[in-house]
Amino acid sequence: MNEETAWVTQAQQGSDEAFTKLVETYQTPVYNLCYRMLGEPDLAEDAAQETFLRAYQHLHRYDQKRPFATWLLSIAAHYCIDRLRRRKFSMFSMDAEDDEGNTFELPDPDSPDPEAETVQGQTRDRIQSMLKDLDDTDRAAVIMRYWYDYSEAEIAASLRLTVSAVKSRLHRARKELAGLWQEEETRIETERRPYESPAF
């Protein structure tokens with residue numbers, strides 16, 4: 001039995017101290033998922049707190065055959081989807097092909113490169129902005145797949161979808177993100193042109 005499994009077992013038996021250990025271990029990934037879903041730090045913090053509250057209340061339902069992280073992050077994803085639906089508003093590398101077979105690659109905003117810090121910050125902001133334009137469930141699937149490296153089967157279990165539905169949603173979301181990224185590139189290029197010096 002590893003340390004995390006022991007904490008879960010103790011927490012299920014009523015140990016607040018063991019549950020606190022689980023919170024300390026997972027507070028950052030839970031917050032990050034909520035932030036990528038909701039796009040605002042205050043909302044993400046509230047959602048993370050609500051996630052842990054719900055996990056605490058439903059610990060007796062947790063099946064230890066399933067990874068605890070998957071169970072916990074699925075609670076966070078469902079809560080965020082509910083919030084988004086109520087409010088009616090709204091990477092790692094992703095490849096998608098357009099209708100002509102051209103490949104689109106989304107730069108990894110977290111790759112370590114001090115010289116590119118400013119560009120990374122802009123890229124991260126653009127990705128966050130584009131995520132807001134996706135369908136809520138598609139967004140959750142994309143975040144779980146490309147930020148948390150969930151398998152399609154794990155995403156299906158977490159979001160109560162079939163594996164084929166997850167594949168379809170990921171494919172659609174990648175194409176949509178590719179289109180949004182291209183639109184943004186075109187807009188930036190158009191804005192830049194008036195200020196460029198003519199070539200001699």
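For the stretch 6-63 and the stretch 67-88, write down the distance between their C-alpha centroids in whole Å.
11
Accessible surface of K167 in the full protein assembly, 1.4 angstrom probe, to the nearest 10 Å²?
That residue has around 110 Å² of solvent-accessible surface.
Would you tell me the accessible area of D133, worked out with a 1.4 angstrom probe on the heavy atoms of the protein chains, in Å² to the nearest 10?
It works out to around 90 Å².
Name the shape class, rounded, prolate or oblate, that the alpha-carbon gyration tensor gives for the stretch 8-70, where a ≥ b ≥ c are the square roots of its eigenvalues, rounded holds for a/c under 1.5, and otherwise prolate holds if a/b is larger than b/c and oblate otherwise.
Numbers: a/c = 2.31, a/b = 1.92, b/c = 1.20.
Since a/c reaches 1.5 and a/b is larger than b/c, the shape of the stretch 8-70 is classed as prolate.
Set the bar at 24 Å for Cα to Cα. Now go through K132/K175; K65/K175; K21/K65 and name every pair that lies beyond it. Could you put the intermediate results ahead of the total?
Numbers: K132/K175 15 Å; K65/K175 35 Å; K21/K65 20 Å.
Over 24 Å Cα-Cα: K65/K175.
Percent relative contact order of the stretch 12-65, based on C-alpha pairs within less than 8 angstrom and at least six residues apart? Mind dumping the intermediate values first?
Details: 22 pairs, mean separation 17.7, N = 54.
Across the stretch 12-65, relative contact order equals 33 percent.
How far apart, in nm, are the 7 Å Cα→Cβ label points at S151 and T5?
Simple spin-label model gives 1.8 nm for this pair.
State, to one decimal in nm, how far the label point of R61 lies from the label point of E191, with both points 7 Å from Cα in the Cβ direction.
Here the modelled spin labels are 4.5 nm apart.
The values are calculated or read from the model by the stated rules, or taken from the named source; none is laboratory data. None of these values were measured; they are calculated from a predicted model. Cβ coordinates were reconstructed from backbone atoms using ideal geometry, including for glycine residues, and neighbour counts include every protein chain displayed. Side chains are part of the model used for accessible areas, which takes the heavy atoms of the whole protein and leaves out ligands, DNA and RNA. Shrake-Rupley method; radii C 1.70, N 1.55, O 1.52, S 1.80 Å.
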